[in-house]
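Readers should treat all values here as calculations from the given coordinates under stated rules, not as data from a laboratory. Since we're looking at a predicted model, the values are computed, not measured. Because the Cβ atoms are built from the backbone with ideal geometry, glycine has one as well, and the counts that use them run over all protein chains shown.
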Amino acid sequence: QPNIPKLGKDKVVRVPFSNNEMDVLRDWVQDSDTIITRIIQILMDTGMRIGEAVGLSSSDIKRDDNGLLYIRLKENEYRRLKNDNSERNIPLVGEALNAVTALDLNQEWLFPGYLDTIKGEFKSTSTSNAVNKRIRTILNNKQSPTAHSFRHTMATRLRNVEAPPDTLRDILGWK
């Protein structure tokens, strides 16, 4: 049997945002009109991975038969998805809906400034770093949850309203 140092002890524990932290972030996005703000808004009310959000194209935004907007998340030429279950429909509500309706849907990509056409990919790492820095500044906490914590927060929110496990899997793209 191989000896693997720190086996299981190097796991990163992701802490969801508290209700108070989410309130502070929601208040802040009301008064800010930047690209980072729009990304934060999408992350906070969709539970998407940062690479999924920053790689959105205008064609990913759809309208259902009732006129409600949603994201049809699928792989594209610059954004891969983590697994087959990651392809999904995500309802646009709350701040995510506000963000999408504030963005220019006539351009091909929602966040073209984060597209590196030379490397053929979106700059997920630099986006994550910028979002995390902004979150820490807003919350005045260097140890605050990160952009990825919005996924865990969404899972908690769905569990709190007793959403069926299938709904969690469908919205968050879990296996």
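Can you confirm whether segment 78-91 contains a residue that is among the aromatic types (Phe, Trp, Tyr) and within 21 Å of Ser32 (Cα to Cα)?
No: segment 78-91 contains no residue that is among the aromatic types (Phe, Trp, Tyr) and within 21 Å of Ser32 (Cα to Cα).
Taking the condition farther than 19 Å from Ser144 by Cα, in contact (Cβ under 8 Å) with a residue 12 or more places away in the chain and of a type outside the set (A, V, I, L, M), does Thr46 pass? Full working, then the answer.
Values: farther than 19 Å from Ser144 by Cα: yes; in contact (Cβ under 8 Å) with a residue 12 or more places away in the chain: yes; of a type outside the set (A, V, I, L, M): yes.
Judged against the criteria, Thr46 is a match.
Which condition number does Asn98 fail, the rest of (1) under 23 Å from Arg134 (Cβ atoms); (2) in contact with a Phe, Trp or Tyr (Cβ under 6 Å, 6 or more places away or on another chain) being met?
It is condition (2) that Asn98 fails.
Restricting to segment 166-175, name every residue that is crowded, with 18+ Cβ neighbours inside 10 Å, among the hydrophobic types (A, V, I, L, M, F, W, C) and in a loop (DSSP other than H, G, I, E, B).
Selection gives nothing.
Report every pair of residues separated by at least 6 positions or lying on different chains whose Cβ atoms are under 6 Å apart, first residue within segment 118-134 and under 22 Å from Asn76 (Cβ atoms), second in a helix (DSSP H, G or I) and among the aromatic types (Phe, Trp, Tyr).
Hits for this filter: Phe122/Tyr114; Lys123/Tyr114; Thr127/Tyr114.
Which residues, taken from segment 53-67, are within 24 Å of Met22 (Cα to Cα) and out of contact with any strand residue (DSSP E or B) (no Cβ under 6 Å at 6 or more places or on another chain)?
Matches in segment 53-67: Ala53, Leu56.
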